[in-house]
Structure formats: structure tokens, C-alpha cells
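Visitor: Once you've had a glance at the structure underneath, I'll fire off some questions.
The values are calculated or read from the model by the stated rules, or taken from the named source; none is laboratory data. Computed from a predicted structure; not experimentally measured. Cβ placement follows ideal geometry from the backbone for every residue including glycine, while neighbour counts extend to all protein chains displayed.
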Amino acid sequence: MDNQLSPSQLRLIQEYSYEKGEINRGYNNRTLYVDIGKNEFKERPVSDEMKEKFIGGKGFGLRLLWNGTKPDTKWDDPENEIVISPGPIAGITQYSGTGKSLVVSISPTTDLVIDSNVGGYFGPYLKFAGFDALEIQGKSDKEILVFIDGTENKIKIQEAPEEPKDSHELVEFLTEMYADDEKDKKNVSIVSSGQAAEHTLIGMLNFSWYDVRRKVCRVKQAGRGGIGTVFRNKNIKALVVKIDKVSPNANQVADLKPIMERGKRFTKEIRELDDEQNRMRKVGTSHLMEIMNEYDLLPVHNFQYGSHKDASNVDSKSFQQRFTQGMPDGCWLGCMMSCCKTVEGFELKTGPYKGQKVDVEGPEYETAAGVGSNCGIFDVDSILEINFYCDTYGIDTISYGTSVAFAMECYEKGIIDDQVTGGIKLNFGNARASLKLLHQMAKGKGFGVVVGQGVRKMKEKFIRDYDADPELLQDMGMENKGLEYSQYVSKESLAQQGGYAMTNKGPQHDEAWVIFMDMVNNQIPTFEDKAEALHYFPMFRTWFGLMGLCKLPWNDVEPVGNEETEEPEKVPEHVDNYVTIFNAVTGKNINKYELIKQSERVYNFQRIFNIRRGKGKRAHDAQPYRAAGPVTEEEYKSREKRYDEQLKKVLDIDPQEKSIPEKVKLLKKYREDRYEKLLDAVYERRGWTRQGIPKIEHLKDLGMDLPELIETVKPHLD
């Protein structure tokens, strides 16, 4: 859009000058603290102990948030913080998937610590501008920008321009404003949200980069838990970072040679194997649509079903026809996965931008399944339009899709009606209705605002105001800890049920995705096997968030011969790549076992952070029953043969002698009992009590027996 403003025309509220220093082995050894209420800046040193125990990324974010808040700090208190940290490996350009950063805050939906892994250039650029983390506290009395100028070594708080309001226009506007010229646009990155984040609890953040081939700004999302809502509540319109350039060894690593060697090897794997494995360079993660449908794992109609006859309308071939092909699509420099697909020139049919042609990011699998099949919408154009408006309005597509699906089921069951929805016909499959809700969220009006509070708040409202059945809503409302479920049907995978509901932040697939190991391949049949998987994989995946890494290069392309290794599900050659790269960046000498311990330290810290906030116990790891089995007669009938067989073989019950309501009840008791046994097994493996409290001796073994942690857990030990 046309931009006549320059940064100098924005009113300067406060300015701070700093000396940049040098990055050494992946660290600047300092963080930046900004209080936007008091307009104060501080540089805080990073100690060797902090690097040893918290590593970077999510670890730094959690530690800084702990220090900056109190046990009763609410999400909208000025003292709540948003912390962005990239991690020591983030920013290298010789290996794919190294441009991530982690964002942490106290969540509006869970009242717990939320963390979100995001691409885009902001995290690496923050590091290259001189800081290992950005810690924002306070609340401004006016809408502001925070500008981190790594070219002149200054940080500025500036009064924000009134327009534009939505992300797709704002990132273009600000990139043009802060860049010296067209060539300089690639050196600017923006963090922003949108109008709907102000009126809902499920707001997200967009992290931008300038696509030099398309000559447009693009964005990736820090989606989960409402961090965008915190951002807008603090009256931040955008964060801006600018650097001179990205040099080949900006991280000043200890030894560049092994990083280059592993990067070259992995690039060869992608070029030779991707087309026959997951086709990430052609369709991104949308290849999962048909796979999940085939295995009865695709969420349909609020997770009631796992497949649908119309799923072929939204399979990866449908998206491939719209995605631009033959163009590198990484969200960080040097990433050969090229999975960050986009649809160019998509004409919008609704809303304030109706008739305009825009670029739509993705959609990723989670978005296509969430706003698509889970809501009964099997039309690619509708999914693209919903995706675009979620992105530009600042709404998390996962929480949005799961929340709309819940509202649709409530509407179809008669729990809510046209009077409640304001006349919106919320039947499954009604894409226009979904878009109406989305536009209402942006305006802060109508039933869309109710849906934008998320599933937990809707359950509370429908029970309180419309006399809804509490047990039914609890069973069918797909949230845990206040966070909406991401998009896999876990009913036939006990391990995946744990992988969702035992997470520290709530049910998000980035912590543990073991559904194929458990359900399809039957690799982890016993409780002990499942517990081991739910120890290893959450810890391994946590490591990506400590380092500034994307998980997709780990297992979405597997090397030749991986299936013949002793533990193919771990992709041991790639694990070795990561160990080698960490050592080469930092000069340390860890092995694959210490890698897991690094994550365990931070994982247990986050668990204790939840305990400090009055949660983090066994009761908070309870799951809605729909995650485990059929809630309704219709659900039971959809898999009647499978369920009847289980009653007969496992429980020695003749299904012919029972009515369907009786069979639903019997199956529920059995599956809920198994989940409780899984909790016992996982807690024991993780070194926790039966109530899910980390034991002091376990913390000592990890080197995490910090006085404040011991003080927090002691009153809760059995």
C-alpha cells in the first residue's frame, strides 16, 4: 500500500542507545528488557548458569517470565510479559530449519505459561541486532511501535500511525517505512497482530519476512494461547527490527566446517527424497489431509469422526493446484524444505477487502483441517478465505477452527439457537457463517465475540445462560487446560491422548505426535512403552524450542536406510546431525543423552511454573472424553464394528445384549480407566509423583534443584 510516512515523522516517546558487541558461539550474552508503561530500557546479562540450565529460546523465555511475574499475575496485568527468544542455533544458514524463535507469555485462555514456536526473520534478526531475548513488560497508554535498530544501535518507542490496522497491510506499510530502499526491505522484520485479537482471547502474532522473489511481505504465526491478545492489550501495534545484513557466520560459531558438512548432506536428502516421501516442497504440510482421512484421523464435525466422503475435495492435490510451484519457499535463509507455501492472487469474496486479490499463506495442515473438515467445510476457496482473514485479523486458526466446530455442534444439538447466534445458521459446512463470525470478531460485535473467547469460556456461558448439560459439554468440548485441541483424532491412540492432555501448555501437536507409532504401527503396546515414548518425544521436541529450530527437517524427510535402524521413529542420523551442530555452534561436547537432559531441565521448570500458578497437577491433565472415545450414539455407530469388538474381546461383554447408550457408557468407563493408568506410568517415567509433581531427587539429578523450585514443589509432595 502507498506509504508517505517516514520513521522520523512518528512521535518519538523514548530512545535508548547501546553498543552492539559481538555474538560468540551463538550467544550475545545479554537480553533486552523494555517496559512500555514506564518507557524504560535495560540490558540484562546472560550468565553461564542460565545458558547451562535454560539454553535459549523457550528456556530463556520461561526464566525471564518467572522472574518478571508473580504467582497471581493475570494475562492482562501490566506486569505480564511477552518474551521472544531465538536460541543459540537460530540464525545459521547452512542447515535447514534454523530460523525459529519462541514466544512465551501468560495465556488469556489457560492462565498458564504459553509458548509458541514461530518462523519468519524476527528472531534471528533480534539476535543479529545484539540480543538473545526481547522481554516486554508494562502497558502503554497509547498505541506504540518498538523499533530495534541494529544498524544504528538504538531502540525506540514510537507512537504508532493510526492506519493500517490489519497485518497484511501493516507489515507492508512498516517494511516500506523502515527500509531505506527496495534492496533494504529484506533487512526488516515485523511482529504484528490484528483487529480481532483485541476482541477475543485467541489472538496470535505474525512474524514477517520480505520475499525478494515475489517482492511482498510474508508472515508466519505464533498462534497458540492468545499471545496476540496480550500484545494488543498492551497497546503494541508492532515490533520492528532492522539489521545491516546476514553474514555467512553471523553466529560466530566454534567450528563452521561440521555444520556445513551436515547441511550439505541433508540438502542432498531433500533434493533426492522429498518428492517420493512427503512432497514438502510442492504441498507443504497439506499432504497430511489425505493421509489422516485414510487412517480415520482427520477431525470431522468437532472431532466426532475421523474421515469424510468429501475429503478428496481438500486433499493436497487440490491445494497444489493453487500453490505457486517451482519457487523456493523457506521462512528462513538457507532452508531447503521450502514447505512455506503460498497462494498468489486469491480474490476475496467477503469482508472489508472483498474483491481484492491477496496472497494467502499456506494453509498448513492444522489450518486446513481445523477451519475446514472439523467444521464440515470441504471447499478449498472457503478454507483459503478463512485462513487469510484469520491471519490478517490476528486469530489463531487452530483455536478458531476448534471453537467454531464446538459452536456448530452446540447449534445442531439445539443447545444454542438463532436467537443466541444473532440469526447465524451455524450448521456444519456453512462456510459463510464461519466467515461472518470472523468478521464479527474483527469488529468486536455479535456472537463471533463469544466464539472468540474459546471453547472453555463457551462451555461456561452455555451452561450458565442456556441450561446446557455440563457433562455433555465437558465431554464434547475439545479443550484441555483452556487450550483448544490441534487437529488429530486421538480416540484410537491412548499414547496420543497423553501426548495431548499431559502437555504443560495444553493439547498442541508440537510436543508429542505418537499417533502412528501407537495406533497404526503398534510399536508401543504396553503402558511402559507408551510412557517411554511420552518421555522421549516431548523432551526431544522441546529441544527444538530451546535452540530456534523447526521440527520438520527432523522427520519429514528421512535418510535412506532409516527404516533399518534400531529406532527408526527417532531418525537417529538426524538426531546426530543436531548434536553435531549444537556442539559446533557452542563449542560444547554433549551427546544425544545430554540433549534430552537439556530439555528435561526446562520441561520440569515449566511444570513447576504451572504449579506456582496453582495448576500443573494430575487434575489438570484430564482430557475431554471425546479425545478418548465416542460421546454420542452417532459416534458409536460410525465405528460400531470396532467398538463392539473391543467390548467383546477386552471386556468379555456380548455387545448384542446391550443397547448403544449402554455400550457407550461401558466403553467410556474402560477407556477412562486406561487413561488413568497411562498417567501413572508417564508420571513415574518422568520422575514425578502420582499427582504429577516433580520429585526433589529428580530435580537434583537434573541439576534443577534451584531454591525457588524446591520451595514451590515441597508443599505439594505426597
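Visitor: Any residue in the stretch 585-599 that's exposed (fewer than 15 other Cβ atoms within 10 Å of the Cβ): show its pairings with residues that are not aromatic (F, W, Y) at Cβ separation under 6 Å, as long as the two are six or more apart or on different chains.
Guide: Correct list of pairs: G587/R25; G587/A254; N589/N583; K592/V575; K592/V579.
Visitor: Say whether the condition of being basic (K, R) and touching a helix residue (DSSP H, G or I) at 6+ places or on another chain (Cβ under 8 Å) is met by at least one residue in the stretch 463-471. I'd like the intermediate steps shown before the answer.
Guide: Filtering the stretch 463-471 down to residues basic (K, R) leaves 464.
From the residues that got through so far, the ones that are touching a helix residue (DSSP H, G or I) at 6+ places or on another chain (Cβ under 8 Å) too are none.
Checking the stretch 463-471: not a single residue is basic (K, R) and touching a helix residue (DSSP H, G or I) at 6+ places or on another chain (Cβ under 8 Å).
Visitor: Yes or no: L205 buried (at least 24 other Cβ atoms within 10 Å of the Cβ), out of contact with any Phe, Trp or Tyr (no Cβ under 8 Å at 6 or more places or on another chain) and not assigned by TED's automatic domain parsing to the domain that holds V455?
Guide: Taking the combined requirement at face value, the residue does not satisfy it.
Visitor: Which of the numbered conditions does Q320 fail, given that it passes all the others? Conditions: (1) surrounded by fewer than 22 Cβ atoms within 10 Å (Cβ to Cβ); (2) among the polar types (S, T, N, Q); (3) in contact with a Leu (Cβ under 7 Å, 6 or more places away or on another chain).
Guide: Checking Q320 against (1) surrounded by fewer than 22 Cβ atoms within 10 Å (Cβ to Cβ); (2) among the polar types (S, T, N, Q); (3) in contact with a Leu (Cβ under 7 Å, 6 or more places away or on another chain), the one that fails is (3).
Visitor: Here is a follow-up. Criterion first (loosely packed, with under 12 Cβ neighbours inside 10 Å, more than 24 Å from E492 (Cα to Cα) and assigned by TED's automatic domain parsing to the domain that holds P538) does P661 satisfy it? Step through it out loud before you land on a result.
Guide: On the way: loosely packed, with under 12 Cβ neighbours inside 10 Å: yes; more than 24 Å from E492 (Cα to Cα): no; assigned by TED's automatic domain parsing to the domain that holds P538: yes.
Against the criterion (loosely packed, with under 12 Cβ neighbours inside 10 Å, more than 24 Å from E492 (Cα to Cα) and assigned by TED's automatic domain parsing to the domain that holds P538), P661 does not qualify.
Visitor: In this structure, does F388 turn out to be surrounded by 22 or more Cβ atoms within 10 Å (Cβ to Cβ), under 18 Å from the mean Cα position of the chain (by Cα) and not polar (S, T, N, Q)?
Guide: yes
Visitor: Inspect all residues belonging to the stretch 17-28 and state whether any of them is touching a residue at least 40 places away in the same chain (Cβ under 8 Å), in contact with a Lys or Arg (Cβ under 8 Å, 6 or more places away or on another chain), surrounded by 14 or more Cβ atoms within 10 Å (Cβ to Cβ) and farther than 25 Å from T542 by Cα.
Guide: Checked the stretch 17-28: at least one residue is touching a residue at least 40 places away in the same chain (Cβ under 8 Å), in contact with a Lys or Arg (Cβ under 8 Å, 6 or more places away or on another chain), surrounded by 14 or more Cβ atoms within 10 Å (Cβ to Cβ) and farther than 25 Å from T542 by Cα.
Visitor: Could you name every one of the helices (runs of 4 or more DSSP H) located completely within the stretch 446-514 that has at least 3 residues being buried (at least 24 other Cβ atoms within 10 Å of the Cβ), modelled with pLDDT of 95 or more and of a type in the set (K, R)?
Guide: No helices (runs of 4 or more DSSP H) qualify here.
Visitor: Out of all the residues in the stretch 208-221, is one or more in a loop (DSSP other than H, G, I, E, B) and surrounded by 22 or more Cβ atoms within 10 Å (Cβ to Cβ)?
Guide: Checked the stretch 208-221: no residue is in a loop (DSSP other than H, G, I, E, B) and surrounded by 22 or more Cβ atoms within 10 Å (Cβ to Cβ).
Visitor: Looking at this structure, is G123 at pLDDT 95 or above and either surrounded by 24 or more Cβ atoms within 10 Å (Cβ to Cβ) or on the phi > 0 side of the Ramachandran plot (or both)?
Guide: yes
Visitor: Check the stretch 255-273 and report whether any residue there is closer than 30 Å to E479 by Cβ and assigned to a loop (DSSP other than H, G, I, E, B).
Guide: Within the stretch 255-273 (the criterion being closer than 30 Å to E479 by Cβ and assigned to a loop (DSSP other than H, G, I, E, B)), the answer is no, since none of the residues qualifies.
Visitor: Among the listed residues F544, F582, F537, which satisfies the condition of being surrounded by fewer than 20 Cβ atoms within 10 Å (Cβ to Cβ) and part of a helix (DSSP H, G or I)?
Guide: Answer to the check: F537.
Visitor: May I ask you to list the residues in the stretch 530-568 that are more than 19 Å from V585 (Cα to Cα) and either basic (K, R) or in contact with a strand residue (DSSP E or B) (Cβ under 7 Å, 6 or more places away or on another chain) (or both)?
Guide: Within the stretch 530-568, K530, R541 qualify.
Here is a yes/no grid of residues against (1) among the hydroxyl-bearing types (S, T, Y); (2) crowded, with 24+ Cβ neighbours inside 10 Å; (3) not assigned by TED's automatic domain parsing to the domain that holds G68:
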{"position": "I106", "(1), (2), (3)": "no, yes, no"}
{"position": "T110", "(1), (2), (3)": "yes, yes, no"}
{"position": "I114", "(1), (2), (3)": "no, yes, no"}
{"position": "V118", "(1), (2), (3)": "no, yes, no"}
{"position": "K127", "(1), (2), (3)": "no, yes, no"}
{"position": "G130", "(1), (2), (3)": "no, no, no"}
{"position": "A133", "(1), (2), (3)": "no, yes, no"}
{"position": "S140", "(1), (2), (3)": "yes, no, no"}
{"position": "I148", "(1), (2), (3)": "no, yes, no"}
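Visitor: Now for a different question. Do any residues in the stretch 420-442 that are in the same structural domain as L348 (by TED's automatic domain parsing) have Cβ atoms under 6 Å from those of residues that are of a type in the set (K, R), where the two are at least six apart or on different chains, and which pairs are they?
Guide: Between residues of the stretch 420-442 that are in the same structural domain as L348 (by TED's automatic domain parsing) and residues that are of a type in the set (K, R), the close pairs are I424/K436; A433/K425.
Visitor: Tell me yes or no: at least one residue of the stretch 594-606 is in contact with a Pro (Cβ under 9 Å, 6 or more places away or on another chain) and under 30 Å from L256 (Cβ atoms).
Guide: Within the stretch 594-606 (the criterion being in contact with a Pro (Cβ under 9 Å, 6 or more places away or on another chain) and under 30 Å from L256 (Cβ atoms)), the answer is yes, since at least one residue qualifies.
Visitor: Residues of the stretch 236-259 being out of contact with any Gly (no Cβ under 9 Å at 6 or more places or on another chain), crowded, with 16+ Cβ neighbours inside 10 Å and not β-branched (V, I, T), which ones? It would help to see each step written out before you state the result.
Guide: In the first step, residues of the stretch 236-259 are kept if they are out of contact with any Gly (no Cβ under 9 Å at 6 or more places or on another chain); the result is 236-240, 245, 247-249, 256-259.
With the extra rule that they be crowded, with 16+ Cβ neighbours inside 10 Å, the set shrinks to 236-240, 256, 258-259.
Within the stretch 236-259, K237, A238, L239, L256, P258 qualify.
Visitor: Then there is this: What number of residues in the stretch 626-655 are buried (at least 22 other Cβ atoms within 10 Å of the Cβ) and assigned to a helix (DSSP H, G or I)?
Guide: 3
Visitor: For K354, are the conditions met, namely being touching a residue at least 24 places away in the same chain (Cβ under 8 Å), of a type in the set (K, R) and part of a loop (DSSP other than H, G, I, E, B)?
Guide: Working: touching a residue at least 24 places away in the same chain (Cβ under 8 Å): no; of a type in the set (K, R): yes; part of a loop (DSSP other than H, G, I, E, B): yes.
In short, no.
Visitor: Could you tell me which residue of the stretch 605-619 is surrounded by the fewest Cβ atoms within 10 Å (Cβ to Cβ), considering only residues that are of a type outside the set (A, V, I, L, M) and out of contact with any Gly (no Cβ under 8 Å at 6 or more places or on another chain)? First the steps, then the outcome.
Guide: If we filter the stretch 605-619 for residues that are of a type outside the set (A, V, I, L, M), which is where we start, we get 605-607, 609-610, 612-618.
Okay, now just the ones that are also out of contact with any Gly (no Cβ under 8 Å at 6 or more places or on another chain), so 606, 612-615.
Details: Q606: 23, R612: 20, R613: 19, G614: 12, K615: 18.
Only one residue fits best here, namely G614.
Visitor: What is the number of the single condition among (1) among the aliphatic types (A, V, I, L, M); (2) free of Cβ contacts under 8 Å to residues at least 40 places away in the same chain; (3) surrounded by 22 or more Cβ atoms within 10 Å (Cβ to Cβ) that I291 does not meet?
Guide: Failing condition for I291: (3).
Visitor: State whether one or more residues within the stretch 169-180 are outside any helix (DSSP H, G or I), surrounded by fewer than 19 Cβ atoms within 10 Å (Cβ to Cβ) and not β-branched (V, I, T).
Guide: For the stretch 169-180, residues outside any helix (DSSP H, G or I), surrounded by fewer than 19 Cβ atoms within 10 Å (Cβ to Cβ) and not β-branched (V, I, T): present.
Visitor: Can I ask one more? Would you mind stating whether E573 is outside any loop (DSSP other than H, G, I, E, B), surrounded by fewer than 21 Cβ atoms within 10 Å (Cβ to Cβ) and without any contact (Cβ under 8 Å) to a residue 40 or more places away in the chain?
Guide: It is true that E573 is outside any loop (DSSP other than H, G, I, E, B), surrounded by fewer than 21 Cβ atoms within 10 Å (Cβ to Cβ) and without any contact (Cβ under 8 Å) to a residue 40 or more places away in the chain.
Visitor: List the strands (runs of 3 or more DSSP E) inside the stretch 113-167, counting only whole elements, that have at least 2 residues being of a type in the set (D, E, K, R).
Guide: Per the criteria, 154-159.
Visitor: From (1) in contact with a strand residue (DSSP E or B) (Cβ under 9 Å, 6 or more places away or on another chain); (2) at pLDDT 95 or above, pick out the condition that doesn't hold for G372.
Guide: G372 satisfies every listed condition except (1).
Visitor: Report those strands (runs of 3 or more DSSP E) wholly inside the stretch 1-104 carrying at least 1 residues which are β-branched (V, I, T) and in the same structural domain as S167 (by TED's automatic domain parsing).
Guide: 12-17, 30-35, 82-85
Visitor: Further, regarding this structure: For residues that are surrounded by fewer than 19 Cβ atoms within 10 Å (Cβ to Cβ) and in contact with an Asp or Glu (Cβ under 9 Å, 6 or more places away or on another chain), scanning just the stretch 411-428, find the one that is farthest from M476 (Cα to Cα).
Guide: Going residue by residue through the stretch 411-428, those that are surrounded by fewer than 19 Cβ atoms within 10 Å (Cβ to Cβ) are 412-414, 417-419, 422-423, 425, 427.
Remaining after also requiring in contact with an Asp or Glu (Cβ under 9 Å, 6 or more places away or on another chain): 425, 427.
Working: K425: 20, N427: 16 Å.
Checking each candidate, the answer is K425.
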